[in-house]
Amino acid sequence: MKDHYGRKIDYLRISVTDRCNLRCIYCMSPEGVKPIKHREILSYEEIIRIAAIAVSLGVKKIRITGGEPLARKNITYLISSLNNIKGLEDISLTTNGVLLEKYADEIAQAGLRRVNVSLDSLRADKYAKITRGGDIDNVLRGIDKAERAGLIPVKINMVAIRGFNDDEIEDFAKMTLEKSYQVRFIEFMPLGARDLWSPEKYIPINEIKSIAEKIGPLTPVRLRKSGPARYFRFEGASGVVGFINAISHQFCTECNRLRLTADGKLRPCLFSETEIDLKNPLRSGAPDSEIERLIKLAIEVKPEGHNLNCTKEFNALRPMSKIGG
Ligand code: SAM
Ligand code: SF4
């Protein structure tokens, strides 16, 4: 499946829930986002049907996300069902890690290959503040368990926010000296908790990289499945550091993905309001050919790029928890 701009679309991100067991300050308000009604959320059977059709059209990789995907009941069933789809090469999951210790073994056995764990501070008090009450020890134990369960390389995603956790960029980067993690730094995006985001809190990826480079020189490494991240290694390090420039340089030219929201909307671009509804056609008995047509339509309308920059606010967008980050 190629879009109008020659990009091969082979990656589908599936949000399985908009609910979460944390309330990260940059993502949600203290009350959380108004939840989507239960009956509006796609069932696993509906998700599996869409995934199978998408794979028949050329999707090779699926990432499960949310909200917090491990907080949805019986997520292992979804993973093992996706794993049975012929032609699907890779299933991964993005999680806050709170329930990872509990589920790492069973999701790995069900066919999950890797996990991305979101972790924005290594200090227990600050972690609790960022997540509004999360316990960092749960997450650290989860990461450890994921590694032992073979969900490797473990990717750790850190959203860098000026004046909040930018003093920890070096500590995060240092983790790769000993551990074979991929520590990825992400630019703070004007999504979610809008009262927190401001141009001053945004740190461009080049600045994040120069802070990490205080530890030592970084040599570029080419990883087979690098996606939007650019990876580097410190001399002799076990792991790598990655930099994801969502805003400052844009990864749009290499964007190979579609997103499916928990309420069944296909989104061709994270930063565009365009959505194509699959839920109603599915529930009114549409044949596979119609779902195929709608998936192809999503690819057809995928924009060339976004016009987001670090000085504007984007109030109309869904928060990440409702899109599936
Ligand atoms: N709950 C899971 C987690 O936290 O990993 C999965 C969903 S979460 C919405 C996915 C990713 O979106 C996380 O890595 C989170 O840090 C990121 N995210 C949420 N809001 C963001 C923002 N305003 N800017 C940058 N990243 C954001
Ligand atoms: Fe939940 Fe993930 Fe949003 Fe944090 S970033 S509130 S863990 S959905």
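The values are calculated or read from the model by the stated rules, or taken from the named source; none is laboratory data. All values reported here derive from a predicted model rather than from experimental measurement. Positions of Cβ are backbone-derived with ideal geometry, glycine not excepted, and every protein chain shown enters the neighbour counts. The area values use the complete protein model at the heavy-atom level, side chains included, leaving out ligands, DNA and RNA. Shrake-Rupley method; radii C 1.70, N 1.55, O 1.52, S 1.80 Å.
Key figures
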item	result
Principal axis dimensions, largest first and in whole angstrom, of the range 11-323 by Cα	57, 43, 38
Cα→Cβ-extended label distance, 7 Å offset, between GLU170 and SER272, nm	4.3
Candidates MET28, MET175, MET189, ranked by Gaussian network fluctuation over the chain, Cα under 10 Å, top entry	MET175
Average Cα contact separation per residue, the chain, under 8 Å, 6 or more apart, as relative contact order %	22
Accessible area (Å², per residue) of the chain, counting only protein heavy atoms and a probe of 1.4 Å	43
Theoretical gain in end-to-end length, ARG224 to SER56 [0.36 nm per residue, Cα-Cα removed]	58.2 nm
Segment SER43-ARG113, extension gain: residue separation times 0.36 nm, minus the distance between their alpha carbons	22.9 nm
Under-5 Å amide H pairs with ASP90, H placed in peptide plane, nonlocal only	ILE62
Distance-filtered residues of the range 56-77 - backbone nitrogen under 14 Å, label point 7 angstrom along ASP90 Cα→Cβ	59-64
Nonlocal amide H pairs with ARG259, under 5 Å, H built at 1.01 Å	ARG13, ARG267
Those GluC sites (Glu not before Pro) in the range 1-84 that DSSP places in a loop and that have at most 15 other beta carbons within 10 Å	GLU31
Probe 1.4 Å, all protein chains present, accessible-area order of LYS201, LYS214, LYS73, LYS155, largest first	LYS73, LYS214, LYS201, LYS155
Inter-label distance, nm, simple model (7 Å from Cα along the C-beta direction), GLU254/LEU297	3.2
Difference of contour (0.36 nm per residue) and Cα-Cα distance, LYS102 to ARG141	13.1 nm
Portion, in percent, of the accessible area of the chain that falls on carbon or sulfur, probe 1.4 Å	50
Calculated from backbone phi, Karplus (6.51, -1.76, 1.60) coupling profile of the range 125-136 in Hz, x at Gly/Pro	5, 5, 4, 5, 6, 4, 8, 6, x, x, 10, 4
Three-way shape call for the range 21-63 based on the alpha-carbon gyration tensor, with the a/c threshold at 1.5	oblate
Listed residues ASN256, ASN21, ASN280, most fluctuating in the chain (Gaussian network, C-alpha, under 10 Å)	ASN280
